[in-house]
Amino acid sequence: MNILDRIEKIIKAFTERNIKIAVAESCTGGYISHMITNISGASKIFERGIVCYSNQAKIELLNVDPKVIEVYGAVSELVVKQLAHNIRVLSNVDIGIGISGIAGPTGASPGKPIGLVFVGFSTGKETYAQKYNFKTDRITFKTMVLEKIIQFLEDFQ
C-alpha cells in the first residue's frame, strides 16, 4: 500500500473515532502537513501544522523553553517532546507530533550528525520521542520521517 493510501486509511479510522492531530515541524518544513492534507477528508482529523524552523519560532509559537534549546540544542529529545506536548495542548487535539533534525547536507555538529532526527509523540497518556538517523538526501529524509509518523498513527489505539 502506498503512503497516500495509508494516510487515507488513517484519516478514515481517526474520523470514525473522532481523533484529531496537530504537527509541529522543523526540519521537515511542512512536508508532513502537506502529505496529510493531500487527502480529501483530512480536515476532519488534522487541526493544524506549524512550521517552526527557527529556534525563535519554537519559542514564540510553541512555548519551547529557551533554556532547553540553549543547553541541549534544537535537535534533541527534550525539544521534540516539548514541541509534541505543546502543539497537542495548544491545539486541543488527541495527538501532537513534534519533529526536529538535521536534513543536511550541512548543519552537523559534534554529536549531531547529518541525518539525525527526533520525532516526538504526545497523547493524553504520554509524551515520548524517538531518535533516528537517516543518512540520505533531504527529500528522502523527509519521506523517511513521514514513514515513522505514519507507522505511529497506524498503531495508535
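Scanning segment 117-142 for residues that are under 12 Å from the mean Cα position of the chain (by Cα) and either surrounded by 16 or more Cβ atoms within 10 Å (Cβ to Cβ) or more than 18 Å from residue 26 (Cβ to Cβ) (or both) turns up 117, 118, 119, 120, 121, 122, 129, 142.
Please verify whether residue 83 is in contact with a Phe, Trp or Tyr (Cβ under 8 Å, 6 or more places away or on another chain) and aliphatic (A, V, I, L, M), treating the condition exactly as stated. The answer is no for residue 83. Given the structure, is residue 150 in contact (Cβ under 8 Å) with a residue 12 or more places away in the chain and assigned to a helix (DSSP H, G or I)? For residue 150, the condition - in contact (Cβ under 8 Å) with a residue 12 or more places away in the chain and assigned to a helix (DSSP H, G or I) - is met. Could we say that residue 123 is free of Cβ contacts under 8 Å to residues at least 60 places away in the same chain, among the hydroxyl-bearing types (Ser, Thr, Tyr) and within 22 Å of residue 13 (Cβ to Cβ) here? The answer is yes for residue 123.
Number of residues in segment 1-22 that are touching a residue at least 60 places away in the same chain (Cβ under 8 Å), among the aliphatic types (A, V, I, L, M) and either farther than 24 Å from residue 140 by Cα or part of a loop (DSSP other than H, G, I, E, B) (or both) equals 1. Residues in segment 128-155 that are under 25 Å from residue 20 (Cα atoms) and out of contact with any strand residue (DSSP E or B) (no Cβ under 7 Å at 6 or more places or on another chain): 142, 143, 144, 146, 147, 150, 151, 153, 154, 155.
If I filter segment 100-116 down to residues being of a type outside the set (Val, Ile, Thr), surrounded by 18 or more Cβ atoms within 10 Å (Cβ to Cβ) and in a loop (DSSP other than H, G, I, E, B), which single residue comes out as modelled with the lowest pLDDT? Result: 104. Looking across segment 23-78, the residues that are surrounded by fewer than 21 Cβ atoms within 10 Å (Cβ to Cβ), among the small types (Gly, Ala, Ser) and in a loop (DSSP other than H, G, I, E, B) come down to 29, 30, 40, 41, 54, 73, 76. Are there any pairs with C-beta distances below 6 angstrom linking a residue in segment 32-54 that is of a type in the set (D, E, K, R) to a residue that is surrounded by fewer than 21 Cβ atoms within 10 Å (Cβ to Cβ) and not in a strand (DSSP E or B), with the two at least 6 apart or on different chains, and if so which? Every condition considered, the pairs that remain are 44/15; 47/20; 47/91; 48/91.
The values are calculated or read from the model by the stated rules, or taken from the named source; none is laboratory data. Bear in mind the structure is a predicted one, so any value in this text is a computation, not a measurement. Quick reminder, even Gly has a Cβ in these numbers, built from the backbone with ideal geometry, and neighbours come from all protein chains shown.
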